[in-house]
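Engineer: Here's a structure for you.
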Amino acid sequence: MHELSIATSIIEIAEEFAVKNKGANITKIEIEVGELSGIVVDSLEFALELAIEKTVLERAKIIITTIKGMARCKQCGNEYVNSDWHTACPQCASMDFDITGGKELQIKSIFIE
Amino acid sequence: MCDTCGCEGDSPVTYNKPNEEHSHDEKHEHTHEHPHHEHPHHHDHDDKHHSHDPKHEHGHSHGKEIKIEQSILTKNNSLAERNRGYFEAKNIFVLNLVSSPGSGKTSLLERTLKDIGQDLNFYVVEGDQQTMNDANRIAALKVPVIQINTGNGCHLDAEMVNKAVKQLNVANDAVLVIENVGNLVCPSLFDLGESKRVVVISVTEGDDKPIKYPTMFHSADICIINKIDLLPYVDFDVEKAKNYALSVNHHLKFFEVSVKTGEGMEAWYAWLKDVEQHK
């Protein structure tokens, strides 16, 4: 259940942000979670729901965007969706690829009033 | 609630050395180190990469947007880099040993210490939710060891390792083995500052484990397949397991061993002794 520690890290970053911005009221926070980040979005949503109580995010709208796992084939250069780390290139069937997206786990934006 | 492992505050992380009465109990210090540095945003913002939350209401005002683009793991990652710098300065080679519970991490470590403990200057950090059992096993071999008990925590993090290493007082040019909490999911996200990550699987598990838990296998450098003496009695297909593992991480290096019979251990020892080459 490491999603709970991720949720508390998100709150910590938001709390710090609020302090730095002189107690600004956070209305919305946008979080990006890659398919290959090792985080289950449903678990993170559940953890956040519990954890934001009595924090600066208590009233904020939380938007979690999933980013597709992407790979670039090192044989033919094709870029394709690879959501499970081990999808062969659909163009040339090669397993020789670099992961180019989907590992993201970050706070993208915070909206304040 | 604890910011590091998500545990409740009444379940502190403890650090104990075997045969020392003093029990150093402490809660995680809630230090706040979140440098708001700008870092490049790698993924492209083409719509095909995004699946928008259906609840997302476009055009609805939520006030002034401030770009953050900060990794949620920043705190752990920066502490891990601090550990890494410390280890490099002291020329310490650090292994992070990960696996599901029961694959034989502690037995592998015990046998390694018995067989080549004279050749390398070993230190050990043990991570478990509870008990001193593993640290006691290592201490019985006269190897300096400290036990981290994470309480409810499901993984070690860079801060725990930082504290444990300070208490362990690791010598220059040593080999430090960190045995993580038995868990094939959570520890994969938490860099400890190690030189190499070693994932252990045993043939009594399914040979499809690498694709069931790809994040861990993707993040590892070495894969040790243990308990090969049991291969005649189980359905585990070694080649299949290796191919699955290579499909998520084609850089993985394998050792097939039986800790019990000693089969295959020489290759593992040779790799360990060649430590300078892996730094």
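Engineer: Which of (1) buried (at least 24 other Cβ atoms within 10 Å of the Cβ); (2) among the hydrophobic types (A, V, I, L, M, F, W, C); (3) touching an Asp or Glu at 6+ places or on another chain (Cβ under 9 Å) is the odd one out, the single condition B:ILE211 does not satisfy?
Structural biologist: Answer for B:ILE211: the failing condition is (1).
Engineer: Among the residues that make up the range A:64-87, is at least one of them surrounded by 18 or more Cβ atoms within 10 Å (Cβ to Cβ), part of a helix (DSSP H, G or I), at pLDDT 95 or above and within 11 Å of chain B (Cβ to nearest Cβ)?
Structural biologist: no
Engineer: Going by what's in this entry, would B:ASN136 be described as open to solvent by 30 Å² or more (accessible area, probe 1.4 Å), part of a loop (DSSP other than H, G, I, E, B) and touching a residue at least 60 places away in the same chain (Cβ under 8 Å)?
Structural biologist: Considered against the rule, which asks whether it is open to solvent by 30 Å² or more (accessible area, probe 1.4 Å), part of a loop (DSSP other than H, G, I, E, B) and touching a residue at least 60 places away in the same chain (Cβ under 8 Å), B:ASN136 comes out as no.
Engineer: Sticking with this one: Just give me the residues in the range A:89-98 being facing another protein chain (nearest Cβ under 8 Å) and aliphatic (A, V, I, L, M), in sequence order.
Structural biologist: Once the filter is applied, which keeps residues that are facing another protein chain (nearest Cβ under 8 Å) and aliphatic (A, V, I, L, M), the range A:89-98 yields only A:MET95.
Engineer: Additional query: Provide a single number: the residues in the range B:144-196 that are among the β-branched types (Val, Ile, Thr) and either within 14 Å of chain A (Cβ to nearest Cβ) or part of a helix (DSSP H, G or I) (or both).
Structural biologist: Number satisfying all stated conditions: 5.
Engineer: State yes or no: is A:GLU104 among the charged types (D, E, K, R) and farther than 17 Å from B:HIS218 by Cβ?
Structural biologist: No; evaluated as a whole, the condition is false for this residue.
Engineer: Would you please name the residue that is farthest from the chain's Cα centre (by Cα), looking only at residues in the range B:239-260 that are outside any loop (DSSP other than H, G, I, E, B) and within 11 Å of another protein chain (Cβ to nearest Cβ)?
Structural biologist: B:ASN243
Engineer: Which one is farthest from the other protein chains (Cβ to nearest Cβ) among residues in the range B:267-276 that are within 19 Å of B:LEU97 (Cβ to Cβ) and open to solvent by 40 Å² or more (accessible area, probe 1.4 Å)?
Structural biologist: The first filter runs over the range B:267-276 and keeps only residues within 19 Å of B:LEU97 (Cβ to Cβ), leaving B:267-275.
Checking the rest, the ones that are also open to solvent by 40 Å² or more (accessible area, probe 1.4 Å) come to B:267, B:270, B:273-274.
Numbers: B:ALA267: 25, B:ALA270: 28, B:LYS273: 32, B:ASP274: 27 Å.
Per the stated criteria, the residue is B:LYS273.
Engineer: Please work out if A:LYS61 is open to solvent by 10 Å² or more (accessible area, probe 1.4 Å) and at the interface with another protein chain (Cβ under 10 Å from one of its Cβ atoms).
Structural biologist: yes
Engineer: Restricting to the range B:223-248, count the residues that are surrounded by 19 or more Cβ atoms within 10 Å (Cβ to Cβ) and modelled with pLDDT of 95 or more.
Structural biologist: Residues in the range B:223-248 being surrounded by 19 or more Cβ atoms within 10 Å (Cβ to Cβ) and modelled with pLDDT of 95 or more: 10 in total.
Engineer: Something else about it: Consider the range B:226-251. How many of its residues are touching a Lys or Arg at 6+ places or on another chain (Cβ under 8 Å) and hydrophobic (A, V, I, L, M, F, W, C)?
Structural biologist: Residues meeting the conditions: 1.
Engineer: Further question on the same structure: Picking from B:VAL199, B:VAL257, B:VAL185, which residue would you name as being closer than 27 Å to B:PHE87 by Cα and either charged (D, E, K, R) or open to solvent by less than 10 Å² (accessible area, probe 1.4 Å) (or both)?
Structural biologist: From the options B:VAL199, B:VAL257, B:VAL185, the qualifying one is B:VAL199.
Engineer: Taking B:ASP207 as meeting all but one of (1) more than 20 Å from the chain's Cα centre (by Cα); (2) of a type outside the set (A, V, I, L, M, F, W, C); (3) part of a helix (DSSP H, G or I), write down the number of the exception.
Structural biologist: Every listed condition holds for B:ASP207 apart from (3).
Engineer: Could you look through the range B:101-133, keep only residues that are without any contact (Cβ under 8 Å) to a residue 60 or more places away in the chain and under 15 Å from the mean Cα position of the chain (by Cα), and pick out the one that is farthest from B:ASP157 (Cα to Cα)?
Structural biologist: Residue satisfying both the conditions and the ranking: B:VAL124.
Engineer: I'd like the residue in the range A:20-35 that is within 9 Å of another protein chain (Cβ to nearest Cβ), of a type outside the set (Gly, Ala, Ser) and out of contact with any helix residue (DSSP H, G or I) (no Cβ under 7 Å at 6 or more places or on another chain) and, out of all such residues, is nearest to B:LEU156 (Cα to Cα).
Structural biologist: Among those that are within 9 Å of another protein chain (Cβ to nearest Cβ), of a type outside the set (Gly, Ala, Ser) and out of contact with any helix residue (DSSP H, G or I) (no Cβ under 7 Å at 6 or more places or on another chain), it is A:GLU32.
The values are calculated or read from the model by the stated rules, or taken from the named source; none is laboratory data. These numbers were taken from a predicted model, which means no experiment stands behind them. So basically every Cβ, Gly included, is an ideal-geometry build from the backbone, and we count neighbours across all protein chains shown. For the accessible areas, the whole protein counts, side chains as well, though only heavy atoms, and no ligand, DNA or RNA atoms are used. Shrake-Rupley method; radii C 1.70, N 1.55, O 1.52, S 1.80 Å.
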